1. Considering only the range 95-114, state which residues are modelled with pLDDT of 95 or more and over 16 Å from F154 (Cβ atoms).
2. Within the set of pairs 6+ apart or on separate chains, which have a first residue in the range 79-91 that is farther than 11 Å from L161 by Cβ, a second that is open to solvent by 50 Å² or more (accessible area, probe 1.4 Å) and of a type in the set (F, W, Y), and C-beta atoms under 7 Å apart?
3. Being assigned to a loop (DSSP other than H, G, I, E, B) and either at pLDDT 50 or above or small (G, A, S) (or both) is the filter here; which residues of the range 32-57 pass it?
4. Mind checking whether some residue in the range 69-77 is on the phi > 0 side of the Ramachandran plot, open to solvent by 20 Å² or more (accessible area, probe 1.4 Å) and modelled with pLDDT of 50 or more?
5. Among residues belonging to the range 154-187 that are out of contact with any helix residue (DSSP H, G or I) (no Cβ under 6 Å at 6 or more places or on another chain) and surrounded by 19 or more Cβ atoms within 10 Å (Cβ to Cβ), point out the one that is modelled with the lowest pLDDT.
6. Only residues in the range 128-143 that are surrounded by fewer than 23 Cβ atoms within 10 Å (Cβ to Cβ) count as the first member; pair them with residues that are among the acidic types (D, E), Cβ under 7 angstrom, at least 6 apart or cross-chain, and list the lot.
7. When only residues in the range 102-120 that are over 21 Å from P61 (Cα atoms) and free of Cβ contacts under 8 Å to residues at least 60 places away in the same chain count, which is surrounded by the most Cβ atoms within 10 Å (Cβ to Cβ)?
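The values are calculated or read from the model by the stated rules, or taken from the named source; none is laboratory data. The model shown is predicted, which means the values in this text are computed figures rather than measured ones. Glycine also receives a Cβ, built like all others from the backbone with ideal geometry; neighbour counts cover every protein chain displayed. Please note that ligands, DNA and RNA were not included when accessible areas were found on the heavy atoms of the full protein model with its side chains. Shrake-Rupley method; radii C 1.70, N 1.55, O 1.52, S 1.80 Å.
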Amino acid sequence: MLRDADGNELSSVADDVPARDGKRPAANARDMSDVMMSNVSGKAKDSAAAPSPASAAMLPPQLILFIAADIDAGFGGEEVLRALDDAGLGFGEMDIFHRYVLTEQGEASLFSVANGVKPWTLVPDELVMHATPGLSMILNLPSPIDDNDAINDFLRTAERLAESLNGVLKDHNQQPITPDVRSDLLALAA
């Protein structure tokens with residue numbers, strides 16, 4: 001079960017419903033908490049980019065956004081792949097998409113974009129034949145780069161994906177992003 005910083009239960013874009021073809025995730029499918037609570041790149045973070053202890057205490061361990069389809073048909077797989085590519089995201093570890101950045105230690109995942117429903121994967125060859133009700137975006141903090149830059153890129157990319165897909169951008173509580181929520185997100189690492 002996924003929980004936010006206050007201990008409240010989180011859900012996927014759709015409450016783990018079966019795929020449109022009626023299939024359920026395989027028993028060995030990864031849980032989204034694997035994605036959300038890990039350093040996906042597996043590489044050490046740049047200590048020069050690490051925030052001071054005071055600012056790190058104010059940041060949540062991660063930011064989560066959802067991009068939900070506003071129609072029952074969901075997002076077509078081909079349009080999702082095109083939007084992810086146009087946003088500069090690359091397919092990678094854990095069969096999901098990532099914003100990759102170059103750090104002193106090498107390439108690292110800045111944030112991840114996963115399917116909004118289990119098994120969370122966005123394998124291109126499989127996605128082109130299916131639709132999804134939405135996407136989940138996860139930014140672990142502190143990030144491998146300046147947190148302010150990471151949060152700005154994360155939010156701008158989410159907005160771009162939502163616009164490209166004609167979807168609804170939602171916060172971690174599945175509520176549409178308002179101008180106030182957007183300002184709060186941008187103020188986190190300011």
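1. Hit for the range 95-114 is D95, nothing else.
2. Listed pairs, sorted by first residue: G90/Y100.
3. S38, S41, G42, A44, A50, S52
4. no
5. The qualifying residue modelled with the lowest pLDDT is H172.
6. So the pair list comes out as V128/E78; L141/D147.
7. My answer is E104.
Residues checked against (1) of a type in the set (F, W, Y); (2) within 13 Å of the chain's Cα centre (by Cα):
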position: D72; (1), (2): no, no
position: F97; (1), (2): yes, yes
position: V117; (1), (2): no, yes
position: V128; (1), (2): no, no
position: L135; (1), (2): no, yes
position: I138; (1), (2): no, yes
position: P144; (1), (2): no, no
position: L155; (1), (2): no, yes
